[in-house]
1. Do you know which residues across region 1-14 are more than 18 Å from Val55 (Cβ to Cβ) and surrounded by 11 or more Cβ atoms within 10 Å (Cβ to Cβ)?
2. Of the residues that make up region 30-47, is at least one small (Gly, Ala, Ser), outside any helix (DSSP H, G or I) and either over 10 Å from the mean Cα position of the chain (by Cα) or at pLDDT 90 or above (or both)?
3. If you check every pair at least six apart or on different chains, which have Cβ atoms under 8 Å apart with a residue in region 18-39 that is surrounded by 14 or more Cβ atoms within 10 Å (Cβ to Cβ) first and a residue that is among the polar types (S, T, N, Q) second?
4. When the residues of region 6-24 are filtered to those that are in contact with a helix residue (DSSP H, G or I) (Cβ under 7 Å, 6 or more places away or on another chain) and either outside any helix (DSSP H, G or I) or among the aromatic types (Phe, Trp, Tyr) (or both), which remaining residue is farthest from Ala47 (Cα to Cα)?
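The values are calculated or read from the model by the stated rules, or taken from the named source; none is laboratory data. Nothing here was measured: the structure is a model prediction, and the numbers come from that model. In this analysis, Cβ positions are derived from the backbone assuming ideal geometry, glycine residues included, and neighbour counts consider all displayed protein chains.
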Amino acid sequence: MWERTLQDLIRGLRANKKDEAKFITQAVDEIRKEIRSKDMELKAAAALKLTYVRVQYHCSSEWDWIEVRP
């Protein structure tokens, strides 16, 4: 499974200024799937992407906390 990196996410956000909200929604949906993965590297990358989105775009939704289990 190919996953979007943080760099891909940032490039996508910059390229989709007109539909930024839609892009962020899709990205967060992908991140949710990645967080549920058993691969710890994938989970770590997902946490990094989620942190970026939350800091840059002040998105909180239901992501007030994240529990990453091994």
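1. Step one: of region 1-14, the residues more than 18 Å from Val55 (Cβ to Cβ) are 1-3.
The one that is more than 18 Å from Val55 (Cβ to Cβ) and surrounded by 11 or more Cβ atoms within 10 Å (Cβ to Cβ): Glu3.
2. yes
3. That search, which allows pairs on different chains as well, returns Phe23/Asn16; Val28/Ser61.
4. Asn16
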